[in-house]
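Read through the structure below, which is laid out as structure tokens, and then see the notes.
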Amino acid sequence: MKFITETSGIFTRYDINVEVGRKEPRKISEDELLQKVADCLISGDEEEMETTIRQALRDREPMEVINKGLLRGMREVSRLWDEGVYFLPQVILSSDAMIAGIALCEKKMGKTMEKKGRVITHTAEGDIHDIGQVIVNALLSAAGFEVINLGADVPVDVLVEACKVHKPLMVTGTALMTTTMTAFPKIAMRLKRLGLEIPFVCGGGAVNEEYVTSFDLGIWGKEASQAVGMAEDALNGLGWMEMRAKWNG
Ligand code: B12
């Protein structure tokens, strides 16, 4: 009978790296509270995140907390994922903490009483990566736009139907996967055929300027914060070609 004497290579805890990764947290900000916001995000501690965000919002603008705490923390989560330190459970905890944090910031930003115009937002069919879209929703609402939030994994048909019914001044799409970004040119083509030449701002890690500007109506959105300026342009009557010339290339 053979006995196994060396077991170190057999039983490997898949999450051991997580503990190591957490022991050496990266410096995200010089601001102690924003560093804590990022730390809560990285460790996926939703409860502590809410307490910390409330503290941070006492003397900081919500956008500063989003940009310099939450988004930078998420960049670190992305790095840990890319390096194989984080697995899905950790990333899910972090994204839940991110969404809870954004909701508190959105509440603090408040909402303008009179709506300026309607924007439809969605995350591409087959794609559940909606954090970019959640930020876009928060910023547009805070800037006084009526946001029709179709959520994530939105079928092309549903999006096109919503555009027919609501006639928005702008549509946005978010795609984080190379398999889902292909919904965007399909949507653009369908809208164009229907005579709905609505500026279609597409963002998300999967797409780039070259891809989005390869189809009519498409305008590439690099940062969620651009959404407000773009909606203002659409409100002021700029067409998709003028908007593309202004924001891209
Ligand atoms: C968080 C995350 C998740 C979370 C998503 C939670 C959620 N509610 O969103 C969970 C854990 C659920 C998840 C699941 C999966 N994930 Co994931 N995930 C990530 C991760 C780590 C971060 C993405 C993120 O949220 N970034 C932060 C946000 C803010 O970035 P963003 O959306 O791009 O938005 C920025 C800009 O693009 C822009 N923007 C976005 N939209 C818009 C719109 C407008 C109008 C404008 C102006 C700007 C704009 O503004 C933002 C910045 O200001 C990435 C890794 C990475 N390197 O990106 C992988 C990643 C996206 N996931 C990936 C994969 C493969 C998956 C899974 C298939 C894994 C699996 N085996 O099950 C599933 C997907 C299931 C599905 N059908 O969608 C791959 C995709 C690969 C590819 N190229 O296709 C990535 C790239 C990881 C990798 N390197 O392999 N994931």
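Summary of values
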| item | result |
| --- | --- |
| Dipole magnitude (debye, nearest 20) for the range 16-109, charges at Cβ of Lys, Arg, Asp, Glu | 200 debye |
| Estimated inter-spin distance, K186 and H166, nm [label 7 Å along Cα→Cβ] | 2.0 nm |
| Rounded, prolate or oblate (a/c below 1.5 giving rounded, otherwise prolate when a/b exceeds b/c) for the range 121-184 by Cα gyration tensor | oblate |
| With every protein chain in place, the chain: carbon and sulfur % of accessible area (1.4 Å) | 54 percent |
| Listed residues V160, G195, M170: farthest to the positive end of the dipole of the range 118-249 (Cβ charges) | G195 |
| Volume per residue that the Cα convex hull of the range 51-152 spans, once the total is divided by residue count, Å³ | 97 Å³ |
| Two-decimal ratio, the range 118-247, of alpha-carbon radius of gyration to 2.2 N^0.38 Å | 0.90 |
| Residue (of M243, S94, T179) at the positive-pole extreme of the chain, dipole from beta-carbon charges | M243 |
| Radius of gyration and Dmax over the Cα atoms of the chain, both given in Å | 20.6, 82 |
| Mean Kyte hydropathy of 0.0 or more with a Cα span along the axis of at least 30 Å, helices from DSSP in the chain | 88-109 |
| Where labels lie 7 Å past Cα in the beta-carbon direction, separation of I99 and E210 in nm | 3.4 nm |
| Stokes-Einstein D for the range 16-109, Kirkwood Rh over Cα pairs, 10 °C, 1.306 mPa s (µm²/s) | 123 µm²/s |
| Accessible area expressed per residue, the chain, with surrounding protein chains retained (probe 1.4 Å, Å²) | 53 Å² |
| Dipole magnitude (debye, nearest 20) for the range 118-247, charges at Cβ of Lys, Arg, Asp, Glu | 300 debye |
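The values are calculated or read from the model by the stated rules, or taken from the named source; none is laboratory data. Computed from a predicted structure; not experimentally measured. Every residue, glycine among them, receives a Cβ derived from its backbone with ideal geometry; neighbour counts consider all protein chains shown. All accessible areas refer to the heavy atoms of the entire protein, side chains included, with ligands and DNA or RNA removed. Shrake-Rupley method; radii C 1.70, N 1.55, O 1.52, S 1.80 Å.
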